[in-house]
Amino acid sequence: MLILDAQVHTYERDHPGRPWHGVLAGPAEVTGEQMVAAMDQAGVDGAILVSALTMYRYDPSYAIGVHQRYPDRFALIKPVDPTDPGIVDNIVAWKKTPGTVGIRMLLVRAGLAADPADPGINRVLETAARLSLPVNLHIAGRLDQGIELIRRHPDTQIIVDHLGLVQPMGPPKPAEPWAELDKVLTLAALPNVAMKITGACTLSLQPYPYPDIWGPVCRMIDAFGIDRCMWGTDWTRAVDFLTYKQGVDPFRETTRFSASDKAKLMAGTLSRIYGWAPARS
């Protein structure tokens, strides 16, 4: 079975030539070589490589370099800044970058407007629709704003990050990690919305293989349909809770889905929505 991870990050150690802007949960480095080794060990064929906003802000150069070394393993997504006056030209240029399959926007970024009518945020979604470029939208912690934004842009392909839920960067885990699930599920009525079931294992309050995730995860899949759900790990944010392989195996080994549905969840939906599959497949 082909397995594609909907979100991983890579980064090199902080150095003057490409300095970090902040620190992400994870090791001191996760180079492209290290990420490929982890994928090989876990039996993952390819992944969406999301340039790390925390370290590199809106500079995707490290992720681009990783893709150039491993074009048969990764596709590219970069975060975009809706406050940038040149954001439209920026997105147009990114669309032409080899390996790109989408853009990402995080509503919780410090200083980003909380108004769903914000011109810059809406400009990003309008431009993505015009270019047929999927948008990874991080709405956790800003659900009301995110839901209204998505309603305003029915022609934009939206992929909601990380189940739409706030997920922990490190211990302790929230006592009620699925508390806002019902609100997130209202998005299932909008046909332009897909759901990234990424980082689900970090919301478990039980040890590996995290049996308590299946009730809420299956509710998500029932609401959206398997054709609008894609699995992923959100590696390396999850590193303080589990190994990379432990983020893969509960989904690969579960008997809760048919073989055809599991193939869609772990690769097929991602490949169809982003229009990408690794050459090795």
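The values are calculated or read from the model by the stated rules, or taken from the named source; none is laboratory data. None of these values were measured; they are calculated from a predicted model. Note: ideal-geometry Cβ built from the backbone for every residue, glycine included; neighbour counts use all protein chains shown.
On inspection, L49 does not qualify as within 17 Å of A75 (Cα to Cα), in a loop (DSSP other than H, G, I, E, B), modelled with pLDDT of 95 or more and not β-branched (V, I, T).
Considering P98, P27, the condition of being part of a loop (DSSP other than H, G, I, E, B) and at pLDDT 95 or above is satisfied by P98 alone. Evaluating W94 against the criteria (1) buried (at least 23 other Cβ atoms within 10 Å of the Cβ); (2) farther than 30 Å from K262 by Cβ leaves one unmet condition, (1).
Whether a residue is surrounded by 20 or more Cβ atoms within 10 Å (Cβ to Cβ) and either out of contact with any helix residue (DSSP H, G or I) (no Cβ under 8 Å at 6 or more places or on another chain) or of a type outside the set (G, A, S) (or both) was assessed, and P119 does not pass this test.
What number of residues within the range 200-217 satisfy the criterion of being more than 19 Å from the chain's Cα centre (by Cα) and either among the charged types (D, E, K, R) or assigned to a helix (DSSP H, G or I) (or both)? Give the derivation first.
Just the residues of the range 200-217 that are more than 19 Å from the chain's Cα centre (by Cα), to begin with: 205-212, 214-215.
Those left that are additionally either among the charged types (D, E, K, R) or assigned to a helix (DSSP H, G or I) (or both): 211-212, 214-215.
Qualifying residue count for the region: 4.
Scan the range 174-183 and tell me whether some residue there is in contact with a Leu (Cβ under 8 Å, 6 or more places away or on another chain), over 26 Å from V217 (Cα atoms) and not in a helix (DSSP H, G or I). Among the residues of the range 174-183, not one is in contact with a Leu (Cβ under 8 Å, 6 or more places away or on another chain), over 26 Å from V217 (Cα atoms) and not in a helix (DSSP H, G or I), which makes the answer no. T156: β-branched (V, I, T), part of a loop (DSSP other than H, G, I, E, B) and surrounded by fewer than 21 Cβ atoms within 10 Å (Cβ to Cβ), yes or no? It is false that T156 is β-branched (V, I, T), part of a loop (DSSP other than H, G, I, E, B) and surrounded by fewer than 21 Cβ atoms within 10 Å (Cβ to Cβ).
Quick check on this structure: which one of D45, D81, D59 is in contact with a Phe, Trp or Tyr (Cβ under 6 Å, 6 or more places away or on another chain) and charged (D, E, K, R)?
Details: D45 fails: in contact with a Phe, Trp or Tyr (Cβ under 6 Å, 6 or more places away or on another chain); D59 fails: in contact with a Phe, Trp or Tyr (Cβ under 6 Å, 6 or more places away or on another chain).
Going through D45, D81, D59 in turn, just one is in contact with a Phe, Trp or Tyr (Cβ under 6 Å, 6 or more places away or on another chain) and charged (D, E, K, R): D81.
Applying the set (1) free of Cβ contacts under 8 Å to residues at least 60 places away in the same chain; (2) assigned to a loop (DSSP other than H, G, I, E, B) to I121 leaves exactly one unmet item: (2).
For the range 230-262, name all the residues that are among the hydrophobic types (A, V, I, L, M, F, W, C) and either in contact with a Leu (Cβ under 7 Å, 6 or more places away or on another chain) or within 17 Å of K196 (Cβ to Cβ) (or both).
Here is the first cut: in the range 230-262, the residues among the hydrophobic types (A, V, I, L, M, F, W, C) are 230-231, 235, 238-239, 241-242, 248, 251, 257, 259.
Passing the criteria: M230, W231, W235, A238, V248, F251, F257.
Note on the range 197-237: residues that are touching a strand residue (DSSP E or B) at 6+ places or on another chain (Cβ under 9 Å), buried (at least 23 other Cβ atoms within 10 Å of the Cβ) and polar (S, T, N, Q) amount to 2.
V239: modelled with pLDDT under 95, farther than 15 Å from L163 by Cα and part of a helix (DSSP H, G or I), yes or no?
Details: modelled with pLDDT under 95: yes; farther than 15 Å from L163 by Cα: yes; part of a helix (DSSP H, G or I): yes.
In short, yes.
In the range 69-95, the residue that is farthest from V44 (Cα to Cα) out of those that are among the hydrophobic types (A, V, I, L, M, F, W, C) and assigned to a strand (DSSP E or B) is I77.
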